[in-house]
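Note sheet for the following structure.
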Amino acid sequence: MITFHDVSKIYRIGGVEVRALDRASMQIEEGEFVSIVGPSGSGKSTMMNIIGCLDMADEGTYTLDGQAIEAYSESELARIRNKKIGFIFQSFNLIGTMTAAENIELPLIYQGVPKNERKERVTEALSKVRLEGRGAHRPNELSGGQQQRVAIARAIATCPSLFLADEPTGNLDSKTGDEIMNLFHELHGQGNTIVLITHDDSVARQAKRSIHILDGQVKEVEA
Ligand SMILES: Nc1ncnc2c1ncn2[C@@H]1O[C@H](COP(=O)(O)OP(=O)(O)OP(=O)(O)O)[C@@H](O)[C@H]1O
Ligand SMILES: [Mg+2]
(Lines give C-alpha, C1' and ligand atoms only; values in the text may rest on other atoms or scores of the structure.)
(Ligands and ions follow the chains in the order given, each with its own letter.)
Protein backbone atom coordinates (compact mmCIF):
# COMPACT_ATOMS: atom_id res chain seq x y z
CA MET A 1 0.00 0.00 0.00
CA ILE A 2 2.95 2.31 0.84
CA THR A 3 6.16 2.05 -1.17
CA PHE A 4 9.20 4.30 -0.82
CA HIS A 5 11.80 3.80 -3.51
CA ASP A 6 15.05 5.69 -2.85
CA VAL A 7 13.19 8.65 -1.40
CA SER A 8 15.31 11.67 -0.47
CA LYS A 9 14.34 14.98 1.08
CA ILE A 10 17.02 17.62 0.97
CA TYR A 11 17.06 20.91 2.86
CA ARG A 12 19.57 23.57 1.84
CA ILE A 13 20.26 26.28 4.38
CA GLY A 14 23.02 28.81 3.74
CA GLY A 15 24.83 26.53 1.32
CA VAL A 16 24.70 23.57 3.72
CA GLU A 17 22.80 20.52 2.52
CA VAL A 18 20.89 18.38 5.01
CA ARG A 19 19.56 15.08 3.74
CA ALA A 20 16.58 14.68 6.09
CA LEU A 21 15.83 11.49 4.15
CA ASP A 22 18.60 9.80 2.23
CA ARG A 23 17.54 7.22 -0.38
CA ALA A 24 15.03 5.65 1.98
CA SER A 25 13.30 2.53 0.68
CA MET A 26 10.59 0.60 2.50
CA GLN A 27 7.23 -0.99 1.99
CA ILE A 28 4.12 -1.22 4.17
CA GLU A 29 1.31 -3.59 3.24
CA GLU A 30 -2.38 -3.00 3.74
CA GLY A 31 -3.52 -4.15 7.19
CA GLU A 32 -0.06 -3.92 8.77
CA PHE A 33 0.74 -2.29 12.12
CA VAL A 34 4.20 -0.77 11.67
CA SER A 35 6.28 1.58 13.78
CA ILE A 36 8.85 3.96 12.38
CA VAL A 37 11.46 4.45 15.06
CA GLY A 38 14.64 6.50 15.37
CA PRO A 39 16.31 9.17 17.51
CA SER A 40 15.58 12.89 17.37
CA GLY A 41 16.57 14.37 14.02
CA SER A 42 16.70 11.01 12.25
CA GLY A 43 14.01 11.95 9.73
CA LYS A 44 10.83 10.46 11.24
CA SER A 45 8.63 13.53 10.85
CA THR A 46 10.02 14.11 7.37
CA MET A 47 9.01 10.55 6.48
CA MET A 48 5.58 11.03 8.09
CA ASN A 49 5.00 14.26 6.15
CA ILE A 50 5.76 12.49 2.88
CA ILE A 51 3.65 9.41 3.76
CA GLY A 52 0.79 11.78 4.71
CA CYS A 53 1.13 13.79 1.46
CA LEU A 54 1.89 16.92 3.49
CA ASP A 55 5.23 17.19 1.74
CA MET A 56 6.86 15.77 -1.38
CA ALA A 57 10.07 13.85 -1.96
CA ASP A 58 12.87 15.69 -3.79
CA GLU A 59 14.17 12.44 -5.27
CA GLY A 60 12.81 8.92 -5.60
CA THR A 61 9.21 7.76 -5.73
CA TYR A 62 6.44 7.38 -3.22
CA THR A 63 3.51 5.19 -4.20
CA LEU A 64 0.31 5.14 -2.12
CA ASP A 65 -2.39 2.60 -3.03
CA GLY A 66 -0.75 2.15 -6.41
CA GLN A 67 -0.64 5.88 -7.18
CA ALA A 68 2.69 7.66 -7.63
CA ILE A 69 2.24 10.77 -5.51
CA GLU A 70 4.71 12.89 -7.48
CA ALA A 71 2.26 13.12 -10.36
CA TYR A 72 -0.41 14.99 -8.38
CA SER A 73 -1.26 18.67 -8.05
CA GLU A 74 -1.62 20.36 -4.66
CA SER A 75 -5.43 20.16 -4.78
CA GLU A 76 -5.38 16.48 -5.71
CA LEU A 77 -2.96 15.84 -2.85
CA ALA A 78 -5.34 17.60 -0.45
CA ARG A 79 -8.10 15.29 -1.64
CA ILE A 80 -5.99 12.16 -1.17
CA ARG A 81 -5.01 13.40 2.31
CA ASN A 82 -8.62 13.97 3.37
CA LYS A 83 -9.95 10.77 1.89
CA LYS A 84 -7.26 8.24 2.71
CA ILE A 85 -5.37 9.35 5.79
CA GLY A 86 -6.41 9.68 9.42
CA PHE A 87 -3.80 11.83 11.19
CA ILE A 88 -3.17 11.56 14.93
CA PHE A 89 -0.69 13.99 16.49
CA GLN A 90 1.19 14.23 19.78
CA SER A 91 -0.64 17.44 20.70
CA PHE A 92 -4.12 16.09 19.75
CA ASN A 93 -4.87 19.13 17.51
CA LEU A 94 -8.49 19.49 18.62
CA ILE A 95 -10.35 22.78 18.21
CA GLY A 96 -10.81 24.16 21.73
CA THR A 97 -14.05 26.05 21.08
CA MET A 98 -15.80 22.98 19.67
CA THR A 99 -17.22 20.00 21.53
CA ALA A 100 -15.79 16.51 21.08
CA ALA A 101 -18.67 15.60 18.75
CA GLU A 102 -18.18 18.79 16.68
CA ASN A 103 -14.46 18.10 16.38
CA ILE A 104 -15.20 14.61 15.06
CA GLU A 105 -17.88 15.91 12.69
CA LEU A 106 -15.81 18.72 11.15
CA PRO A 107 -13.80 16.69 8.60
CA LEU A 108 -17.04 14.98 7.54
CA ILE A 109 -18.57 18.38 6.76
CA TYR A 110 -15.54 19.16 4.57
CA GLN A 111 -16.03 15.81 2.86
CA GLY A 112 -19.67 16.60 2.09
CA VAL A 113 -21.09 13.72 4.14
CA PRO A 114 -24.87 14.27 4.63
CA LYS A 115 -26.01 15.36 8.08
CA ASN A 116 -27.79 12.15 9.14
CA GLU A 117 -24.80 10.03 8.21
CA ARG A 118 -22.47 12.46 10.00
CA LYS A 119 -24.43 12.05 13.23
CA GLU A 120 -24.31 8.25 12.91
CA ARG A 121 -20.59 8.20 12.23
CA VAL A 122 -19.85 10.54 15.18
CA THR A 123 -21.87 8.33 17.56
CA GLU A 124 -20.18 5.19 16.29
CA ALA A 125 -16.67 6.69 16.49
CA LEU A 126 -17.28 7.93 20.05
CA SER A 127 -18.37 4.45 21.07
CA LYS A 128 -15.33 2.82 19.41
CA VAL A 129 -13.06 4.92 21.64
CA ARG A 130 -15.39 4.37 24.60
CA LEU A 131 -16.36 8.01 25.02
CA GLU A 132 -20.12 7.62 24.73
CA GLY A 133 -21.69 10.38 26.74
CA ARG A 134 -18.71 12.72 26.36
CA GLY A 135 -19.68 14.13 22.97
CA ALA A 136 -20.83 17.45 24.45
CA HIS A 137 -17.58 18.06 26.34
CA ARG A 138 -15.01 20.56 25.12
CA PRO A 139 -11.33 19.51 25.01
CA ASN A 140 -10.49 21.44 28.22
CA GLU A 141 -13.15 19.40 30.04
CA LEU A 142 -11.41 16.14 29.09
CA SER A 143 -8.20 14.47 30.29
CA GLY A 144 -5.22 14.19 27.95
CA GLY A 145 -5.97 10.55 27.23
CA GLN A 146 -9.61 11.36 26.52
CA GLN A 147 -8.57 14.18 24.17
CA GLN A 148 -6.34 11.78 22.27
CA ARG A 149 -9.26 9.33 22.06
CA VAL A 150 -11.39 12.12 20.54
CA ALA A 151 -8.60 12.73 18.02
CA ILE A 152 -8.58 9.00 17.19
CA ALA A 153 -12.39 9.03 16.89
CA ARG A 154 -12.10 11.97 14.49
CA ALA A 155 -9.78 9.85 12.35
CA ILE A 156 -12.03 6.75 12.63
CA ALA A 157 -15.10 8.70 11.48
CA THR A 158 -13.49 9.56 8.13
CA CYS A 159 -12.95 5.83 7.37
CA PRO A 160 -9.33 6.32 6.26
CA SER A 161 -7.33 3.60 4.53
CA LEU A 162 -4.37 4.53 6.75
CA PHE A 163 -4.01 5.73 10.36
CA LEU A 164 -0.85 7.82 10.62
CA ALA A 165 0.19 8.73 14.17
CA ASP A 166 3.18 10.92 15.15
CA GLU A 167 4.22 10.29 18.79
CA PRO A 168 0.56 9.76 19.83
CA THR A 169 1.54 8.86 23.40
CA GLY A 170 4.25 11.53 23.73
CA ASN A 171 2.17 13.85 25.94
CA LEU A 172 0.61 11.11 28.06
CA ASP A 173 1.66 9.26 31.20
CA SER A 174 2.56 5.61 30.65
CA LYS A 175 -0.75 4.13 31.82
CA THR A 176 -2.78 6.47 29.58
CA GLY A 177 -0.30 5.83 26.78
CA ASP A 178 -0.97 2.10 27.13
CA GLU A 179 -4.72 2.72 26.77
CA ILE A 180 -4.09 4.59 23.53
CA MET A 181 -1.83 1.77 22.31
CA ASN A 182 -4.61 -0.73 23.12
CA LEU A 183 -6.93 1.30 20.94
CA PHE A 184 -4.45 1.04 18.05
CA HIS A 185 -4.27 -2.73 18.61
CA GLU A 186 -8.08 -2.90 18.40
CA LEU A 187 -8.12 -0.83 15.20
CA HIS A 188 -5.45 -3.10 13.75
CA GLY A 189 -7.50 -6.15 14.75
CA GLN A 190 -10.41 -4.70 12.76
CA GLY A 191 -8.24 -4.74 9.63
CA ASN A 192 -6.91 -1.17 9.63
CA THR A 193 -3.41 -0.15 8.52
CA ILE A 194 -1.50 1.70 11.23
CA VAL A 195 1.78 3.57 10.97
CA LEU A 196 3.10 4.81 14.29
CA ILE A 197 6.02 7.21 14.51
CA THR A 198 8.00 7.23 17.75
CA HIS A 199 11.45 7.72 19.27
CA ASP A 200 10.46 5.37 22.12
CA ASP A 201 11.64 1.77 21.65
CA SER A 202 9.13 0.38 24.14
CA VAL A 203 6.27 1.96 22.17
CA ALA A 204 7.80 0.88 18.84
CA ARG A 205 8.09 -2.73 19.95
CA GLN A 206 4.32 -2.95 20.43
CA ALA A 207 3.82 -2.73 16.67
CA LYS A 208 4.02 -5.94 14.65
CA ARG A 209 7.03 -4.63 12.72
CA SER A 210 9.50 -1.78 13.18
CA ILE A 211 11.28 0.28 10.55
CA HIS A 212 14.40 1.87 12.05
CA ILE A 213 15.76 5.11 10.65
CA LEU A 214 19.02 6.87 11.39
CA ASP A 215 20.43 9.97 9.67
CA GLY A 216 17.64 9.78 7.10
CA GLN A 217 18.47 6.20 6.11
CA VAL A 218 16.39 3.09 6.65
CA LYS A 219 18.68 0.95 8.79
CA GLU A 220 16.75 -2.21 9.42
CA VAL A 221 13.31 -3.55 8.95
CA GLU A 222 12.62 -5.83 11.85
CA ALA A 223 9.80 -8.35 11.89
N1 LIG B 1 12.17 22.65 7.35
C2 LIG B 1 13.41 22.22 7.58
N3 LIG B 1 14.46 22.97 7.17
C4 LIG B 1 15.72 22.54 7.37
N5 LIG B 1 16.05 21.37 7.95
C6 LIG B 1 15.05 20.58 8.38
C7 LIG B 1 13.68 20.97 8.22
N8 LIG B 1 12.90 19.98 8.72
C9 LIG B 1 13.74 19.05 9.20
N10 LIG B 1 15.03 19.40 8.99
C11 LIG B 1 16.23 18.61 9.34
O12 LIG B 1 16.04 17.29 8.85
C13 LIG B 1 16.48 16.32 9.78
C14 LIG B 1 15.34 15.37 10.13
O15 LIG B 1 14.31 16.09 10.83
P16 LIG B 1 12.96 15.41 11.34
O17 LIG B 1 12.11 16.50 11.86
O18 LIG B 1 12.41 14.57 10.25
O19 LIG B 1 13.48 14.48 12.54
P20 LIG B 1 12.65 13.61 13.60
O21 LIG B 1 13.20 12.23 13.51
O22 LIG B 1 11.19 13.80 13.39
O23 LIG B 1 13.10 14.24 15.00
P24 LIG B 1 12.24 14.43 16.37
O25 LIG B 1 12.22 13.09 17.04
O26 LIG B 1 13.08 15.41 17.15
O27 LIG B 1 10.89 14.95 16.04
C28 LIG B 1 17.03 17.09 10.98
O29 LIG B 1 18.42 17.19 10.84
C30 LIG B 1 16.37 18.45 10.83
O31 LIG B 1 17.19 19.45 11.38
MG1 LIG C 1 9.65 14.61 14.61
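The values are calculated or read from the model by the stated rules, or taken from the named source; none is laboratory data. Source: prediction; values computed, not measured. Positions of Cβ are backbone-derived with ideal geometry, glycine not excepted, and every protein chain shown enters the neighbour counts.
Could you look through the range 90-118, keep only residues that are under 19 Å from P168 (Cα atoms) and buried (at least 18 other Cβ atoms within 10 Å of the Cβ), and pick out the one that is modelled with the lowest pLDDT? The qualifying residue modelled with the lowest pLDDT is F92.
Cβ-Cβ distances below 7 Å connect the following pairs, each with a first residue in the range 155-167 that is touching a residue at least 24 places away in the same chain (Cβ under 8 Å), a second residue that is among the hydroxyl-bearing types (S, T, Y) and within 16 Å of ligand 2 (Cβ to nearest atom), and a separation of six or more residues or different chains: D166/S45; E167/T198.
A quick yes/no check of all residues on (1) closer than 11 Å to R154 by Cβ; (2) out of contact with any Gly (no Cβ under 7 Å at 6 or more places or on another chain); (3) among the basic types (K, R); (4) in a loop (DSSP other than H, G, I, E, B):
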residue	(1), (2), (3), (4)
N103	yes, yes, no, no
P107	yes, yes, no, no
E120	no, yes, no, no
E132	no, yes, no, yes
H137	no, yes, no, yes
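Applying the criterion of being over 18 Å from the mean Cα position of the chain (by Cα), within 30 Å of L187 (Cα to Cα) and within 9 Å of ligand 1 (Cβ to nearest atom) to the residues of the range 10-39, the residue that is surrounded by the fewest Cβ atoms within 10 Å (Cβ to Cβ) is P39. Listed conditions (1) at pLDDT 95 or above; (2) in a helix (DSSP H, G or I); (3) not basic (K, R) are all met by I180, apart from (1).
Given G96, G86, which one is more than 23 Å from H188 (Cα to Cα) and away from ligand 1 (no atom under 16 Å from the Cβ)? Spell out how you get there, then give the answer.
Numbers: G86 fails: more than 23 Å from H188 (Cα to Cα).
Testing whether each residue is more than 23 Å from H188 (Cα to Cα) and away from ligand 1 (no atom under 16 Å from the Cβ) leaves just G96.
Among the residues of the range 139-153, just one is surrounded by 13 or more Cβ atoms within 10 Å (Cβ to Cβ) and in contact with a Gly (Cβ under 7 Å, 6 or more places away or on another chain), namely P139.
Screening D55, D65 for residues that are within 16 Å of ligand 2 (Cβ to nearest atom) and over 25 Å from R205 (Cα atoms) leaves exactly one candidate, D55.
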